[in-house]
Amino acid sequence: MNNIKRKIPIIVLFLAVGFFGYKYFSSSNAKKIEIQNEVAENNNSTEINLEEVKNNSEETPPLKADDKEETEAVAEKTAPADKINISNKLVSWGYEKSNGRKIDTVIIHSTYNALGGDQYSLSKILDIYKSYGVSPHYIIDRGGKIYRLVADENTAYHAGVSQVPDGRMGVNNFSIGIELINSKTEKPTSEQYTALKKLITQLKSQYSIKYTLGHNQIAPGRKDDPWNFDWGIIKK
């Protein structure tokens, strides 16, 4: 009997430890499962958000017609006002390569096709230049389109025997030659004047231009172009 009484506290202690140990481990496992579930939910949520971000970045709606027109209008407004379009049509004759020449003069000429057919044909005019071995740097057609025939840095054969007001001769060496396509009985078009003014403005921004003269002013008695030219227009 005494032995049984002595064992009762030990049994009670054992049962108590077992009961509270079970509660502790059950609670820990439940907490662990809860934490794992929460982490899993967070991971799933992150994947969804990343997918949404990816979709949002890939599904940029195209510009509407109105938006496109507005964008183009803004681009046109921000473009330089004095920007001009020059088409390269570089020739293989009528010039010599130069290095470091100082440009301070612009010479304006007139030209047309005098050999029959379309007198304003650019290709026929170029054929005439080629046959004579001459060329200006630029030529402007009746619609005001500017063509570059010889690069500025090279010496073009456009002036011939000539002299500028300060007495210098060999005008080809320090000048830029510009031809306007018009005949002796026609005036340059308004488009040609506009293009010429823009081209001269651009050249003045690139070089220290001292003279802007006609071919007849540097070779009087030998040349009479530019024909029917209104100097007042380009000075406005």
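Structure summary
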| item | result |
| --- | --- |
| Cut-off 15 Å between beta-carbons: net charge of the residues surrounding Asn88, Lys and Arg +1, Asp and Glu -1 | 0 |
| Over the range 86-234, relative contact order from alpha-carbon pairs under 8 Å, at least 6 apart, % | 32 |
| Residue-count net charge about Asn172 - beta-carbon cut-off 15 Å; Lys, Arg +1, Asp, Glu -1 | +1 |
| Relative packing of 213-225, 171-183, which averages over residues the other C-beta atoms within 10 Å, highest first | 171-183, 213-225 |
| Hydrodynamic radius by Kirkwood, which averages 1/r over all alpha carbon pairs of the range 86-234, in angstrom | 15.2 |
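Every number here is computed from the coordinates shown, using simple stated rules; none is lab data. What you are looking at is a predicted structure, and each value in this text was computed from that prediction instead of being measured. Please note: Cβ atoms are built from the backbone with ideal geometry, for glycine as well, and neighbour counts cover all protein chains shown.
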